[in-house]
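S.K.: Here's a structure for you.
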Amino acid sequence: MTTNDVTDLYREFGDERVPPGQRETTAFPVLSKSGTPDVDLESWTFTVTGAVEEELALSWEEFRDLPSETQRQDFHCVTGWSALDCEFTGVPFPEIAARAGVSDEAVHVMFSALDGYTTDLPLEDCMREEVLFAWGYDDADLPTDHGGPLRVVTPHKYAYKGAKWVDGVEFLTESRPGYWERRGYSQTANPWREERYS
Ligand SMILES: Nc1nc2c(c(=O)[nH]1)N[C@H]1C(S)=C(S)[C@@H](COP(=O)(O)O)O[C@H]1N2
Ligand SMILES: [Mo]
């Protein structure tokens, strides 16, 4: 499979690949608010709800049949580390949006996860090929502590915008804050503008 290198997306936002106040790490640390949940792929269901033409409920098999791609991406944690050149494989956000048919009224998106985590982003920040629902990492299944079977990655945002163990996306007609956003973190989270807190 070919790998699409999207690590140059920083040029849209700033001059430096590593955003201000970030330090490059060669490790890929694990950061979870409450440990790794058990996930049963037999009952696993991914839902698309809210301001859409057709709500979706996909089984693991159905999700894995969606068109996917591999991308080389950078990963910026709001606590100050950046992991460069991560290879994720998954389904681009716009593919999911197109299948559900996003309503004209939708302006915002809420992701939900099996550990109770939520995170939100403006719709336009989600409608990018680099926002992946990722099930693969470095040619293998995504490790469970990094969010397997399925997580979101957002290389243009701080990584708390990428819900691990994601099981749903809801399209909203107005902004609503997620888990860290309710606790003072930025809703837009642009690393090149150091939008860490709101
Ligand atoms: N479901 C869920 N997703 C989550 C988190 C979490 O606690 N639960 N932590 C977030 C934070 S703060 C970061 S930095 C990244 C860390 O991803 P990693 O553990 O793969 O490095 O996941 C994000 N997604
Ligand atoms: Mo984070």
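Please treat every number below as a calculation from the coordinates, not as lab data. Note that the structure is predicted; figures quoted are calculated from it, not measured. So basically every Cβ, Gly included, is an ideal-geometry build from the backbone, and we count neighbours across all protein chains shown.
S.K.: Taking only segment 136-163 into account, find how many residues are closer than 16 Å to residue 28 by Cα and more than 10 Å from ligand 1 (Cβ to nearest atom).
M.R.: Selection size over segment 136-163: 7.
S.K.: Go through (1) free of Cβ contacts under 8 Å to residues at least 12 places away in the same chain; (2) closer than 20 Å to residue 162 by Cα one by one and return the number of the condition residue 43 breaks.
M.R.: All conditions are met except number (2).
S.K.: Name every residue in segment 19-35 that is in a loop (DSSP other than H, G, I, E, B) and within 16 Å of ligand 2 (Cβ to nearest atom), in order of residue number. Let's see the steps before the verdict.
M.R.: Of the residues in segment 19-35, the ones in a loop (DSSP other than H, G, I, E, B) are 19-22, 26-35.
Listed by number, the residues that qualify are 19, 21, 22, 27, 28, 29, 30, 31, 32, 33, 34, 35.
S.K.: Right, here's the next one. Of the numbered conditions (1) part of a loop (DSSP other than H, G, I, E, B); (2) touching a helix residue (DSSP H, G or I) at 6+ places or on another chain (Cβ under 8 Å), residue 174 fails exactly one; give the number of that condition.
M.R.: Unmet condition: (2).
S.K.: What number goes with the only condition from (1) exposed (fewer than 13 other Cβ atoms within 10 Å of the Cβ); (2) under 20 Å from residue 149 (Cβ atoms) that residue 44 does not pass?
M.R.: Of everything listed in (1) exposed (fewer than 13 other Cβ atoms within 10 Å of the Cβ); (2) under 20 Å from residue 149 (Cβ atoms), residue 44 misses just condition (1).
S.K.: Take the conditions part of a helix (DSSP H, G or I) and not aromatic (Phe, Trp, Tyr) and apply them to residue 128. Does it pass? Break it down stepwise before answering.
M.R.: Working: part of a helix (DSSP H, G or I): no; not aromatic (Phe, Trp, Tyr): yes.
No.
S.K.: Moving to a separate point now. Hey, does segment 56-79 have a residue that's of a type in the set (Gly, Ala, Ser), more than 18 Å from residue 134 (Cα to Cα) and in contact (Cβ under 8 Å) with a residue 60 or more places away in the chain?
M.R.: Initial filter on segment 56-79 (of a type in the set (Gly, Ala, Ser)): 57, 59, 68.
Now restrict to residues that are more than 18 Å from residue 134 (Cα to Cα): none.
Looking through segment 56-79, none of the residues is of a type in the set (Gly, Ala, Ser), more than 18 Å from residue 134 (Cα to Cα) and in contact (Cβ under 8 Å) with a residue 60 or more places away in the chain.
S.K.: Select, from 167, 120, the only residue that is more than 14 Å from ligand 2 (Cβ to nearest atom), charged (D, E, K, R) and surrounded by fewer than 21 Cβ atoms within 10 Å (Cβ to Cβ). Reasoning before the result, please.
M.R.: Numbers: 120 fails: surrounded by fewer than 21 Cβ atoms within 10 Å (Cβ to Cβ).
The unique qualifying residue is 167.
S.K.: Confirm whether residue 137 is closer than 18 Å to residue 71 by Cα, more than 13 Å from ligand 2 (Cβ to nearest atom) and in contact with a Pro (Cβ under 9 Å, 6 or more places away or on another chain).
M.R.: Working: closer than 18 Å to residue 71 by Cα: yes; more than 13 Å from ligand 2 (Cβ to nearest atom): yes; in contact with a Pro (Cβ under 9 Å, 6 or more places away or on another chain): yes.
For residue 137, the condition - closer than 18 Å to residue 71 by Cα, more than 13 Å from ligand 2 (Cβ to nearest atom) and in contact with a Pro (Cβ under 9 Å, 6 or more places away or on another chain) - is met.
S.K.: Within segment 104-116, take every residue that is in contact with a Ser or Thr (Cβ under 8 Å, 6 or more places away or on another chain), of a type outside the set (Asp, Glu) and in a loop (DSSP other than H, G, I, E, B) and give me the one that is surrounded by the fewest Cβ atoms within 10 Å (Cβ to Cβ).
M.R.: Among those that are in contact with a Ser or Thr (Cβ under 8 Å, 6 or more places away or on another chain), of a type outside the set (Asp, Glu) and in a loop (DSSP other than H, G, I, E, B), it is 116.
S.K.: Still on this structure, I have one more. Restricting to segment 78-88, what's the tally of residues that are crowded, with 17+ Cβ neighbours inside 10 Å and near ligand 1 (Cβ under 10 Å from one of its atoms)?
M.R.: Total satisfying the criteria: 4.
S.K.: So for segment 149-156 (the condition being within 13 Å of ligand 2 (Cβ to nearest atom) and out of contact with any Lys or Arg (no Cβ under 8 Å at 6 or more places or on another chain)), does at least one residue qualify?
M.R.: Checked segment 149-156: at least one residue is within 13 Å of ligand 2 (Cβ to nearest atom) and out of contact with any Lys or Arg (no Cβ under 8 Å at 6 or more places or on another chain).
S.K.: How do the pairs read when you match residues in segment 8-21 that are under 16 Å from residue 154 (Cα atoms) with residues anywhere that are loosely packed, with under 14 Cβ neighbours inside 10 Å, using Cβ under 6 Å and keeping only pairs 6 or more apart or on different chains?
M.R.: Taking only residues 6 or more apart or on different chains, the pairs are 18/24.
S.K.: Could you give me the residue pairs with C-beta distances under 7 Å whose first residue belongs to segment 109-122 and is on the phi > 0 side of the Ramachandran plot, whose second residue is more than 8 Å from ligand 1 (Cβ to nearest atom) and of a type in the set (A, V, I, L, M) wherever it lies, and which are 6+ apart or on separate chains?
M.R.: none
S.K.: Now a separate question. For segment 41-79, name all the residues that are among the hydroxyl-bearing types (Ser, Thr, Tyr) and assigned to a loop (DSSP other than H, G, I, E, B).
M.R.: The first filter runs over segment 41-79 and keeps only residues among the hydroxyl-bearing types (Ser, Thr, Tyr), leaving 43, 45, 47, 49, 59, 68, 70, 79.
Across segment 41-79, the qualifying residues are 43, 68, 79.
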